[in-house]
Amino acid sequence: MAFYIATIIVYGAVDSMACLALNAEFGFAGLSNFGFIIFQAVGAYVAAILSMGGWKTSNAGFQQYVLGWHLPFPLPWIGAALAGGLLALPFVFLVGKRLRGDFAAVGLLVSAVLLNQLVTNFVPLFNGAAGISLVPAPFQGFFNPQGLQYQFAYGGVAVVLCVLVYFLLRRMTESPYGRSLRAMRDNDIVADALGKNLRVQRTSMMVLGGMIAGLSGAVLVGFINLWSPGAWGYAETIVLFAAVIVGGAGNHKGAVLGAILVPLGFEEITRFLPPLSNPALVPALEWVAIGLLIILFLWFRPNGILPERRRILSGVIGVIEPVPTGDDSDALINLGKIDQMDFRSLLNLETASTSHDVILLSENLTRAFNGVTVVADVSIEIQRGRLTGIIGPNGAGKSTTLAMLAGTLAPTSGRIMYEGRDITSMPSHERARAGIIRTFQLASEFKRLTVLENLVSAIPRQQGDTFWGAARGRRFWGQEDKVNIERAQEMLEGFGLSQYADSYAGGLSGGQRRLVEIMRALLAEPKVLLLDEPMAGVHPSLAHKIGDQLTRLVDSGMTIAMVEHELAIMDAFCDPVIVLAEGRVLAQGTMAELRANEEVVEAYLVG
Amino acid sequence: MSVFLSSLGFGLITAAVLAIATVGFTLQFAVTNVLNLAYGSVMINSAFVTYYLNIHAHLNAWVALIGGVVTGAIVSYLINRFIFTPFQRRQLPPITIVIVALGVDLCGTFGLQAIVGGSYFSYKQSFGREWHFLGMYLSTLQLTIIAIAVVVLGLIHWLLKYTKLGKAMRATSANMNLARNSGVRTQWVISTTWIISGGLCGLAGTVFAMDTGVFVATSAQLYIVLLLAAMFLGGPGEPYGAMLGALTIGVATEVSAAFINPEYKEVIAFLVLLGMLTFRPYGIFGKEKTL
């Protein structure tokens, strides 16, 4: 019985480490790593072959494998963690770009299936289907691995490692970097447009998760002393996913709870079932139960037993949840204090220049989708310190043009210049860091971040918003983060939404979400702000209040270009105005000039 | 040369089965945007219904096949209606639905295994005589399967090109909201598509089992690798691309098996899949979605 308890402790710690790592990838970074088990597997193999002697000399050469360096502890474990991290690198191309999450996931799933087949069939690597056995337990020359004391000590080491992993991951996720990870999870295209480097963020978490998984494999193989392809079928990943979903994705404690309930719990409960006539029945039913568990939990309790916890940044106790109301509520949003807000100091704006030189321009910008040209030869100029309007009928190519200026979409041909530099091939997150910030036509808030977190996440150049910055801990970035939170709160107060600081952004009304998006874009400290229909679906009175503030921003030195449908808004606020129709520039000038232009009037009446 | 031609024969039969399966799989993706990873489990369950009709109801295997087709249609319809659709109504990201599909797959495959056990099964059916032509060796059974595939894919072509339902399916696939606003009964189109594609799934499962000769409850578990490779090669949601993708993958796996090593024959499918996902995730002729 005592041996059994020691075994349970080791298994529990190994499963917990694996689930913590998977949860960091899936629950925080939004990476659905359907091949997760191969990272644990490679760790186990590497730890095994590093600790064993050469295959020809050890154990009479009955098993074949590579390396066999006979390294002392802890080198095999370190090697295992490194191998797990390295294995992540070939998959970076799958998760790095904007491949649909489910496409990348099946790519990883299929990779896991195929790697298992390769290892099974290619004997010289890891002894094929039979697997590697007689893996030496660490320190077996000094202690007796069969002894009870050794087994408990091993369990103790495993638990200590698990606790270290827990605190390491918590340090990473509860930092500004963790906030950026969750922002990417909630909406990657928007995070990209705000300057988050998706490839770096995803790679860092794949590598970190891979290292932890590799280490967990090493701990396991040092205890059970054997490892074969049967132990890491692709479906084992699904078990770990079930664990994270049941425990609570995005919650470290949930991951540990899930690990104890699902992989460990299922294994152990079936040990106590009476023997059945059909020995295959129990494992089959176990799989059915895992499948049902996933479906039922995702339906009835999608956030798991321990849901992701809300981060209260405002320091105020008690959260006001926005009450869902009709669109009329937008009219009641009180922007009363906004006129006292000093945009220039809050947003680090450069002093307003008196010359309206061209800051951003496009030359013969063209975009085709599947042979259909949506934008053709668009050459426009955005002048510094002005509020330029872009108007045109549906399908005129306004949003496509804006997306190309911001880098969300690559042009088919043409050139984009920003402050005298050619930025045509600059990725969107770099443009954002260079000062070009865009908003989106469709709702784009980070749903499971609070309103305040949405705002703070956009602030550029945060010390804690890099992998290594986060690793240095709160002492390194805490002071700066406090200042950033205060800046965001000041902004929130100006826009009259302070009471919702700690509410989830996903629960706000349409108009409130628009304001959150505008505030967030402003805190990204744009030099050029590109707004895609910021007033769509907003109550007219609120739209005018927003327009007044845009004028103030422009007067404080910001450059804004705004796509809009409403002529009234253009009349009131925009100068100059560019008219697009059927993908081409039809005319530009002041609204008064355009109203005199017959072609423009016709395009609007006909279009 | 003779090795090449005989492996080409195997390739054609693999491709025939794969084409039926992939067209069903890709149609489901086209109208509902779901990567139905439970597809393989429906295939093998349908094959087992055919088995029971064949062995226990003493029906001719080709007649029993109809039972497999009907099973595939009904089960697929039910999975979409009572599992995928409710989840999609909650506006969840596609990945959640894929995880749900994996759950369904586990229930389907291992539920079957719990019932039938781990033993081997085969239909009571003759392979017929062996035909030798153009350097290829194919049995009557295999030629029949190829003929079935040609007829069924021809019917799908007719359905998509010349019927009102086919046009509605293509419209729903291109833009569901626009189709609905233009008067297409999208919910009905989706249900019908799942019934038709489910029928293809059941048919594919049965002919897959006939072709392999001996099968177990978990035989189709890894078939998803070939399905995904064929679909992504032709472009997800593109039925004609799926046919071409299946032909390429089917022939490529069998020919590479003959020349390299049969144990690694899926490797080529895997490389194709990863290559497509990396460089052309919308297929060789696939369409990029607009913003």
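The values are calculated or read from the model by the stated rules, or taken from the named source; none is laboratory data. Quick caveat: nothing in here was measured; it's all calculated off a predicted structure. Glycine gets a Cβ as well: all are built from the backbone with ideal geometry, and neighbour counts include every protein chain shown.
Overview of values
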| read-out | value |
| --- | --- |
| Residue under evaluation A:A112, criteria (1) under 30 Å from B:L37 (Cβ atoms); (2) at pLDDT below 90; (3) more than 10 Å from chain B (Cβ to nearest Cβ), criterion not met | (2) |
| Residues of segment A:181-231 classified as small (G, A, S), surrounded by fewer than 23 Cβ atoms within 10 Å (Cβ to Cβ) and either under 17 Å from the mean Cα position of the chain (by Cα) or farther than 30 Å from A:A129 by Cβ (or both), total | 1 |
| Flag for A:R433 being within 14 Å of chain B (Cβ to nearest Cβ) and under 28 Å from the mean Cα position of the chain (by Cα) | no |
| Segment B:92-104, residues that are assigned to a helix (DSSP H, G or I) and facing chain A (nearest Cβ under 7 Å) | B:P94, B:I95, B:T96, B:V98, B:I99, B:V100, B:L102, B:G103, B:V104 |
| Residue in segment A:74-92 that is farther than 22 Å from A:V119 by Cβ and surrounded by 20 or more Cβ atoms within 10 Å (Cβ to Cβ) present | no |
| Near pairs, Cβ below 9 angstrom, 6+ apart or cross-chain, from segment A:357-374 (under 18 Å from A:R415 (Cα atoms)) to any residue that is of a type in the set (K, R) and crowded, with 20+ Cβ neighbours inside 10 Å | A:V358/A:R384; A:I359/A:R384; A:L360/A:R384; A:T373/A:R367; A:V374/A:R367 |
| Number of positions in segment A:253-299 that are outside any helix (DSSP H, G or I) and either closer than 14 Å to B:V104 by Cα or among the aliphatic types (A, V, I, L, M) (or both) | 3 |
| Any hit, segment A:272-293, residues being surrounded by 20 or more Cβ atoms within 10 Å (Cβ to Cβ) and either charged (D, E, K, R) or more than 18 Å from B:L112 (Cβ to Cβ) (or both) | yes |
| Close pairs (9 angstrom Cβ cut-off, 6 or more residues apart or separate chains): within 14 Å of chain B (Cβ to nearest Cβ) in segment A:291-316, crowded, with 16+ Cβ neighbours inside 10 Å and of a type in the set (D, E, K, R) anywhere | A:G291/B:D105 |
| Residue within segment A:213-229 that is closer than 24 Å to B:A101 by Cα and either of a type in the set (D, E, K, R) or assigned to a helix (DSSP H, G or I) (or both) present | no |
| Odd one out for B:G72, checked against (1) closer than 30 Å to A:E25 by Cα; (2) at pLDDT 95 or above | (1) |
| Residue among A:R170, A:R185, A:R179 that is under 29 Å from A:E25 (Cα atoms), within 14 Å of chain B (Cβ to nearest Cβ) and touching a residue at least 60 places away in the same chain (Cβ under 8 Å) | A:R185 |
| Every residue from segment A:528-553 that is under 11 Å from A:A572 (Cβ atoms) and among the polar types (S, T, N, Q) | A:T551 |
| So A:A581, is it free of Cβ contacts under 8 Å to residues at least 40 places away in the same chain and either over 16 Å from A:G385 (Cα atoms) or surrounded by fewer than 19 Cβ atoms within 10 Å (Cβ to Cβ) (or both) | no |
| Within segment A:505-515, considering residues that are within 9 Å of A:P322 (Cβ to Cβ) and crowded, with 18+ Cβ neighbours inside 10 Å, the one modelled with the lowest pLDDT | A:S509 |
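One line per residue, one yes/no per condition, for (1) under 22 Å from the mean Cα position of the chain (by Cα); (2) within 14 Å of another protein chain (Cβ to nearest Cβ); (3) within 28 Å of A:D192 (Cα to Cα); (4) outside any loop (DSSP other than H, G, I, E, B):
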| residue | (1), (2), (3), (4) |
| --- | --- |
| A:P72 | no, no, no, no |
| A:L86 | yes, no, yes, yes |
| A:L99 | yes, yes, yes, no |
| A:Q151 | no, no, no, yes |
| A:G156 | no, no, no, yes |
